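What follows is a short report on a single structure.
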Amino acid sequence: MWDCLTVYEDEMGLVLSPTDLTKHLACGHLTTLDLQVLRGELGPPRHVDEALELIFRLGLEHEKAYLAKLRASSRAVVEIPESAELSARVQLTDDAVHAGADVVYQATFLDHGHRGSADFLLRVDRPSLLGSHSYDVADTKLARKMKVAALLQMADYGRHLQRLQGQPPEWLTVVTGDGQERRFRYADAAAYARRATRQLRAAIEHPVPTRPEPVSHCGQCRWSARCEAQWRREDHLSLVAFMRGDHRHALEQAGARTVAELAASDPEQLPLTIGQPSRVRLQAQAALQVLERQTKAPHYELLAPEQFWWVSPPTVVTKSPGGDPTRSHPLVKRAQIAHVEKPMMAWPWSSTATQSNGRHDSATGTLVPSLRGAELLHAEPL
């Protein structure tokens, strides 16, 4: 199950995995919810996202494809059965590395309340406590770009491996979705992994109240439906379209904690740490969303073109179809003072210069503004 509950308790106490570690760094509230389930204070989430399940299946296929590649290279692969008890898997892993297997698949570790399951351990000719050989860590990730969470997980596996072979692995290899093997030095990630582990342990041993905050991990979290429902009950500022996290925090500290409160605010009285054009835009956005709730009908607002069009850099504009742009083109006069909300590098009189907030009419030489939008219509479901 994608992003499944991994933290649990045994007779020795709480047992954590690298997945718990990366999830905590992504969202502290997620750790709070997982621990509430563990303690029986909350039922497990029932939300199932078919898209995430598909990604999970594709990830397994990618992992199996790399396993097949290793086997095709005539390497001896020892597979640790997932159906076995945890203690048995740990022992089988220990036996395999001491025996010098070329590849250990689904290697399992457990030490002082921390467990891990590495996709692959790859034998290298580097002396260690195991003999004339030692192991590096490899993991498959469906994404084509490297993520910090992947290195953090693998660094945690490396810590377990160091305990077994008496020295750390040299390389962490990530096999990305395009089949490329990308290597990173364990030493570059080890300190960060240790610090992150201390942070997680501190959050568990000395818990503080947490609230759901929109983060990038929400898109793959099984708790997302619960958090979204809470945001709607609270009229959370994250419901305002294109609301940035730092702007949201500044508004909350200033007393505008809900969409309705922001809608009723005077933009000039909002925090000065938010730029004046952004204050106006966010307040207008919130007001439109509140109006849409009240009337149960879509609402929009036309924006002046100069709010969103910018010629960069103004000094390189030498001529336009009508001659001197500072006299013949109305937009260029405002170019140097217009607020740069969405910088645009194309000339505003080009017949191909378009974007979501305006369209140039080459026949009349004027800019035809579009709606705020595509940004405003149905920004919040009715």
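One table, with the values for the structure above:
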{"item": "Efficiency of FRET between Lys147 and Gln91 - r from beta-carbon atoms, R0 35 angstrom, step 0.05", "result": "0.65"}
{"item": "Cα→Cβ-extended label distance, 7 Å offset, between Ala68 and Ser83, nm", "result": "2.2 nm"}
{"item": "Under 5 Å, built H, 5+ apart or other chain: amide partners of Ser128", "result": "His133"}
{"item": "Table column - 3J(HN,Hα) (Hz), segment 149-156, Karplus curve with 6.51, -1.76, 1.60, x for Gly and Pro", "result": "4, 5, 5, 5, 4, 5, 5, 5"}
{"item": "Modelled FRET efficiency - R0 30 Å, Asp178 with His133, Cβ distances, 0.05 increments", "result": "0.50"}
{"item": "Long-range HN-HN contacts of Ala76 with modeled amide H, under 5 Å", "result": "Asp102, Val103"}
{"item": "Where labels lie 7 Å past Cα in the beta-carbon direction, separation of Arg126 and Ile55 in nm", "result": "3.2 nm"}
{"item": "Distance (nanometres) between label positions extended 7 Å along Cα→Cβ at Glu170 and Val215", "result": "3.5 nm"}
{"item": "Ranked by how many other beta carbons lie within 10 Å on average, peptides 118-127, 150-159, 17-26, 70-79 from highest", "result": "150-159, 17-26, 118-127, 70-79"}
{"item": "Length-normalised contact order of segment 239-295 in % [C-alpha pairs under 8 Å, at least 6 apart]", "result": "40 percent"}
{"item": "Dipole moment magnitude, nearest 20 debye, segment 239-295 about Cα centre, only Lys, Arg, Asp, Glu C-beta charged", "result": "140 debye"}
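We did not get these values from a lab; they are worked out from the coordinates using the rules stated. The structure presented is a predicted model; accordingly, all values stated were derived computationally and were not measured. Virtual Cβ from ideal backbone geometry, glycine too; neighbours counted across all protein chains shown.
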